[in-house]
Amino acid sequence: MRHREFTTPGRGEQQLFAQCWLPEREARAVVVIAHGLGEHSGRYAELAQRLVAQRHAVYALDHRGHGRSPGRRANIERFSYLVTDLATFAGRAARQHPGSPSILLGHSMGGAIATAAALKIQGTLRGLVLSGPALASGEIVSGFKSRLVRALSSLAPNAGALKLPPEAVSRDPEVVRAYEQDPLVHHAAVPARTVAELLEAMAGFPEAVLKLRLPLLVQHGIADSLVPVEPCRPIFQSIPSPDKTLKFYEGLYHEVYNEPERDRVISDLEGWIAARC
């Protein structure tokens, strides 16, 4: 396996940090990963290694304001910027492997970004994979707090508005410990601008996904408290893709690829990709 770090152009001439994990032989598929809120691409190294073992090329970037990319910490500025960044990055990754099909894989906030990007470039993709995707807010943000966050987004965009509890990430204590000690993870409250932008994006998904025709795999933990599965189910069910696989895992938390049952979850992912690539 070969590993490379580089920068990739983002909207507004920002240079975003990115990395790739490549097989020694020609790639069967190109998998482009969009990470979740407050984290970074490096947390997907284990998943990438598993996919490279299946001869897939894996690419991932740090969203603006995240990891080793520039910007105010965890402030995404505009959700549309992330969508443009990911779509551009996916095209760049695909050009490195002409003839290999491309798949977008998004986790949590990255699932929302990947869904929006896929709707823009689905003619260039072979499939879309969503892990605990943040497509609906449910009751995580109350109506009152939602209005407050939107006001703060304009008046004080960097004010902390939402704290993510580390213990909700995984049932594996080693994963939680590594998450808490990772200096590239944003441990403070998420800025109001980011929360407001995500809430606005979520509000549009019930209608937007009706245009999605790509092969789709959704992997979601039933015990996910960060992005509860129930508010998302109607959106999953309404997606009209003729090739749609919904995998719900009893007892699993938010990061299904980092749960004690990760081998089964990643095997489901590997089998799904192999059947379509």
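The values are calculated or read from the model by the stated rules, or taken from the named source; none is laboratory data. Computed from a predicted structure; not experimentally measured. As a convention, Cβ positions derive from the backbone with ideal geometry for all residues, glycine included, and neighbour counts pool all protein chains shown.
Annotation note: of Ser170, Ser153, the sole residue that is surrounded by 15 or more Cβ atoms within 10 Å (Cβ to Cβ), in a loop (DSSP other than H, G, I, E, B) and touching a residue at least 12 places away in the same chain (Cβ under 8 Å) is Ser170.
If the condition is being closer than 20 Å to Gly221 by Cα and in contact with a helix residue (DSSP H, G or I) (Cβ under 7 Å, 6 or more places away or on another chain), then segment 157-187 contributes Pro166, Glu167, Val169, Ser170, Asp172, Val175, Val176, Tyr179.
Can you confirm whether segment 161-168 contains a residue that is at pLDDT 95 or above and in contact with a Ser or Thr (Cβ under 9 Å, 6 or more places away or on another chain)? Within segment 161-168, one or more residues are at pLDDT 95 or above and in contact with a Ser or Thr (Cβ under 9 Å, 6 or more places away or on another chain).
Applying a threshold of 8 Å to beta carbon distances and a minimum spacing of six or more residues, or different chains, the list of pairs starting in segment 178-205 at a residue that is touching a residue at least 12 places away in the same chain (Cβ under 8 Å) and closer than 16 Å to Pro165 by Cα and ending at one that is part of a helix (DSSP H, G or I) and among the aliphatic types (A, V, I, L, M) reads Val195/Val149.
As for segment 23-34, it holds no residue that is free of Cβ contacts under 8 Å to residues at least 60 places away in the same chain, touching a Leu at 6+ places or on another chain (Cβ under 8 Å) and either surrounded by fewer than 24 Cβ atoms within 10 Å (Cβ to Cβ) or part of a strand (DSSP E or B) (or both). If you filter segment 109-132 down to residues that are more than 11 Å from the chain's Cα centre (by Cα) and not hydrophobic (A, V, I, L, M, F, W, C), you find that the one that is surrounded by the most Cβ atoms within 10 Å (Cβ to Cβ) is Gly127. Taking the listed residues Ala178, Ala156, Ala196, Ala161, the one that is over 21 Å from Leu105 (Cα atoms) and either among the hydroxyl-bearing types (Ser, Thr, Tyr) or in contact with a strand residue (DSSP E or B) (Cβ under 7 Å, 6 or more places away or on another chain) (or both) is Ala161, with no other qualifying.
I'd like to check something: does segment 182-198 contain any residue that is surrounded by fewer than 22 Cβ atoms within 10 Å (Cβ to Cβ), under 26 Å from Val31 (Cβ atoms) and among the hydroxyl-bearing types (Ser, Thr, Tyr)? Checked segment 182-198: no residue is surrounded by fewer than 22 Cβ atoms within 10 Å (Cβ to Cβ), under 26 Å from Val31 (Cβ atoms) and among the hydroxyl-bearing types (Ser, Thr, Tyr). Listed by first and then second residue, the pairs linking a residue in segment 239-260 that is basic (Lys, Arg) to a residue that is in a strand (DSSP E or B), with Cβ atoms under 9 Å apart and 6 or more places separating them unless they lie on different chains, are Lys244/Leu216; Lys244/Leu217; Lys244/Val218; Lys247/Leu217; Lys247/Val218; Lys247/Gln219; Lys247/His220.
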